[in-house]
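Single-structure report; data block below.
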Amino acid sequence: MQTLIEQRKDNRNKVAWPVSVWIPEANRFFNGRSCNISKTGVFITLPVTTPISTGNTVELNFPRTESLAQEKGQFARIKGGKVVRVDRNQLLEEAEIGVGIAFN
C-alpha cells in the first residue's frame with residue numbers, strides 16, 4: 001500500500017472554470033476545466049488526447065466575463081506554470097486526465 005504525503009502549501013478552493021492550456025511542444029491550445037485552485041497552483045481536467053506530461057511548462061488562460069474584462073482591461077487571466085502531476089485514473093470513465101500545475 002502506498003502512502004500519499006500532502007505537498008500543498010496553500011488551501012485550495014473548488015471551482016469549475018473553463019481554461020485553455022497552451023502546450024508549446026504541441027504548438028496549440030487544449031480546452032479543459034479547472035477543478036480547484038490556490039495561490040500556488042491549480043488542478044484541471046483535459047481531454048485524454050492532450051499530449052502533456054510531468055515537467056512540461058504550460059500557459060493557462062482563464063477567460064473572463066465581458067464585464068470583468070472591461071474592468072481589468074483584458075479578456076483572460078494568463079498564468080504560467082509547470083506540470084507537477086498527471087492523473088490518468090479517470091481515463092476510461094470520463095475520457096479525461098487530471099493535471100496538477102504549479103504556478104511560476
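Taking the criterion of being within 13 Å of ILE44 (Cα to Cα) and in contact with a Lys or Arg (Cβ under 7 Å, 6 or more places away or on another chain), the residues of region 54-98 that qualify are LEU60, PHE62, ILE97. Output the residue which, of all residues in region 77-104 that are without any contact (Cβ under 8 Å) to a residue 12 or more places away in the chain and assigned to a helix (DSSP H, G or I), is farthest from THR49 (Cα to Cα). If we take residues in region 77-104 being without any contact (Cβ under 8 Å) to a residue 12 or more places away in the chain and assigned to a helix (DSSP H, G or I), then GLU93 is farthest from THR49 (Cα to Cα).
Filter region 45-83 down to residues that are among the β-branched types (Val, Ile, Thr) and surrounded by 15 or more Cβ atoms within 10 Å (Cβ to Cβ) and give me whichever is farthest from PHE30 (Cα to Cα).
VAL83
Scanning region 23-37 for residues that are polar (S, T, N, Q) and farther than 15 Å from LYS79 by Cβ yields ASN27, ASN31.
In region 46-76, which residue that is part of a strand (DSSP E or B) and at pLDDT below 85 is nearest to LYS14 (Cα to Cα)?
PRO63
The values are calculated or read from the model by the stated rules, or taken from the named source; none is laboratory data. Just so we're clear, the structure is a prediction, and the values are computed from it rather than from any experiment. Backbone-built Cβ (ideal geometry, glycine too); neighbour counts: all protein chains shown.
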